[in-house]
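Here is the structure we will look at.
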Amino acid sequence: MSLRLRKLTSRIGAVADGVDVTAVPDLPTIRALREALNEHKALVFDDVDLDNAGQEQVARWFGELTTAHPNVPAADGTANVLAVDSETSKANAWHTDVTFVVNPPQVTTLRSLVTTPYGGETIIANTGAAYRDLPEPLRALAQSLRVVHTNQFDYARPQAGTEQEREYDRVFVATPYEAEHPVVRVHPLTGERGLFIGGFAKRITGLSAADSADLLRLFQSYVTRPENVLRWTWSPNQLLVFDNRITQHYAVDNYDDHPRRLNRVTVAGEVPVGVDGRRSVQLLGDASHYTSVLEVAA
Ligand SMILES: [Fe+2]
């Protein structure tokens with residue numbers, strides 16, 4: 001198989017072609033995909049003929065799978081698939097997946113099942129580019145900080161959500177998790193530094209809630225700069241693979257009441273490390289039922 005890439009923007013995203021995602025890949029193909037992901041952060045495979053088991057198989061090319069979610073059960077008949085369904089949750093907040101556990105997934109895959117007649121894009125930001133955009137004094141500040149991420153975060157959802165939405169939220173927060181991560185994370189494969197914050201980041205260690213919010217808002221404004229963001233418009237049967245170590249994403253809620261369904265499968269990650277070499281720690285909860293810990297060779 002020979003991988004071909006077509007860049008989507010200068011800083012993030014490429015369409016990947018020439019790889020049969022239903023086949024058993026050879027090692028050079030897997031290496032080429034990993035390199036492409038390191039460089040482009042997000043890869044789109046168009047026109048894929050995959051079912052849930054097929055998606056799980058592709059995700060396994062990148063490593064061991066997590067279960068669906070620490071609190072949310074897997075989609076019917078699967079072990080590792082999380083249903084991303086507009087009926088239960090619209091995910092229209094910037095976040096990196098599952099950062100409230102000590103080792104969040106390294107890779108996320110999303111496969112489109114039902115797409116919307118307009119809108120419904122997933123936007124994905126390159127947090128490495130965001131870090132490089134910071135002026136030097138802010139970079140120095142960011143890499144000196146650690147921040148607590150929690151699943152008890154405020155979705156800022158209008159109170160009058162549907163019963164299905166409220167039930168999903170109840171399940172999502174049922175068992176609380178908190179993990180402390182470096183604000184700047186060093187990518188274990190490339191050494192690239194990236195801002196590691198997003199919607200689950202709640203409190204910067206040692207700062208008040210108000211100062212935390214102000215600083216996180218400041219850092220986040222670099223993540224969401226248009227130049228750092230890919231806006232992907234879905235068609236059915238597409239597979240989006242992104243590096244969850246160095247991106248954030250957001251599902252744009254601009255499709256009225258049309259149904260939107262994606263299936264998500266994630267790949268177990270390592271414990272993040274900051275610029276000073278300190279590793280993340282779990283402060284609350286035990287997510288060992290959700291994910292194994294990837295050991296990355298030093
Ligand atoms: Fe997500």
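Values quoted throughout were computed directly from the atomic coordinates according to the rules given, and no laboratory measurement underlies them. Quantities reported herein were computed from a predicted structural model and do not represent experimental measurements. In this analysis, Cβ positions are derived from the backbone assuming ideal geometry, glycine residues included, and neighbour counts consider all displayed protein chains.
For segment 4-284, DSSP calls about 95 percent of its internal beta bridges antiparallel. Mind checking which of G13, G77, G206 has the largest fluctuation in a GNM of the chain, springs on alpha carbons under 10 Å? Comparing G13, G77, G206 in a Gaussian network model of the chain, the most mobile one is G77. Here the 3J(HN,Hα) profile of segment 257-262, calculated from phi with Karplus coefficients 6.51, -1.76 and 1.60 at θ = phi - 60°, is 9, 5, x, 9, 9, 10 Hz, Gly and Pro shown as x. Label zone (K7, point 7 Å along Cα-to-C-beta; backbone nitrogen cut-off 15 Å) within segment 224-251: 227-230.
Backbone geometry of segment 18-31 corresponds, through the Karplus equation with coefficients 6.51, -1.76 and 1.60 at θ = phi - 60°, to 3J(HN,Hα) couplings of x, 10, 7, 6, 8, 8, 7, x, 8, 4, x, 5, 4, 4 Hz, x marking Gly and Pro. Counting only lysines at least 8 places from K7 when in the same chain, those with an alpha carbon closer than 22 Å to its own are K41.
Leaving out same-chain residues fewer than 8 places away, which aspartates and glutamates sit with a Cα under 13 Å from that of K90? In chain and number order, the partners are E121, E165, D169, D253, D256, D257. A cut-off of 5 Å between modelled amide H atoms, ignoring neighbours fewer than 5 places along the same chain, links H187 with E192, R193, G194. Taking the charge dipole of segment 228-298 about its Cα centre, with +1 at Lys and Arg Cβ atoms and -1 at Asp and Glu Cβ atoms, the residue from Q282, T266, V229 reaching farthest to the positive side is V229.
Just need the relative contact order of segment 6-129 here, percent rounded to a whole number, with Cα pairs under 8 Å and 6+ apart. Spell out each step's value before the answer.
Values: 95 pairs, mean separation 26.6, N = 124.
Reported relative contact order: 21 percent.
A straight line joining the Cα centroids of segment 168-196 and segment 72-112 runs 14 Å. Backbone geometry of segment 2-16 corresponds, through the Karplus equation with coefficients 6.51, -1.76 and 1.60 at θ = phi - 60°, to 3J(HN,Hα) couplings of 10, 6, 10, 10, 10, 4, 9, 8, 5, 9, 7, x, 8, 8, 9 Hz, x marking Gly and Pro. Of the residues V171, V19, the one with the fewest other Cβ atoms within 10 Å heads the list, and the complete ranking is V171, V19. Of the residues Y118, Y177, Y168, the one that moves most in a GNM of the chain with alpha-carbon contacts below 10 Å is Y118.
A helix-only calculation puts the chain at -6500 deg cm²/dmol for mean residue ellipticity at 222 nm, using -39500 (n - 2.57) for each DSSP H run of at least four residues, averaged over all residues.
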